[in-house]
Amino acid sequence: GGDCASDTGTIVKLLEAALSTLGSRTAAVRNVMCQLQGENSIVLLFAEGEIIGARDGPPLHLARSDDKYLLISDVAAISDWVNDVAYLDIGQIVRISTSGIKIDEDRRTINEADIVWEPVDHCSTTPHFTRPYALYAQRST
């Protein structure tokens, strides 16, 4: 578990509790996001490699480059390395795993084939004045 003296530690403790009662990672992350104060976007990396990102405020985008998928906060900071981007809306949770990508909203799931990708060279590259970060997953074939 995490040390609750930090924001990260608090999120880990909330997630552990939610996972033990809800079972589903997506439901647990949604539960945690509802408990956090202010605007937050979080990215979680699980031991087997699954990455979950949740947006409730600050920018969080799904980007792809060849066979890699990234969660990023700023398109301009990484535009030279990615081909396409899908902008996540507030309240969306994205799951990236070796079996594919799903974006969950409150009452529906967007499957990988239905994600709307925009070419990076046509995207707005206005900086969001946030520190860029990226986690990526490579699809196994």
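Mind ordering 47-54, 34-41 by average Cβ neighbours within 10 Å, highest first?
Peptide ranking by packing, descending: 47-54, 34-41.
Given a 1.4 Å probe, how much area per residue of the stretch 11-116 is accessible, in Å²?
Per residue, the stretch 11-116 has an accessible area of 50 Å².
For the stretch 27-89, what is the charge dipole size about the Cα centre, in debye to the nearest 20, if Lys and Arg each add +1 at the Cβ and Asp and Glu each add -1 at the Cβ?
Value, rounded to 20: 180 debye.
The values are calculated or read from the model by the stated rules, or taken from the named source; none is laboratory data. Here the structure is a predicted model, which means the values were calculated and not measured. Methodologically, a virtual Cβ is constructed for each residue, glycine included, from the backbone with ideal geometry; neighbour enumeration extends over all protein chains shown. In case anyone asks, the SASA skips ligands and DNA or RNA and just uses the protein heavy atoms, side chains included. Shrake-Rupley method; radii C 1.70, N 1.55, O 1.52, S 1.80 Å.
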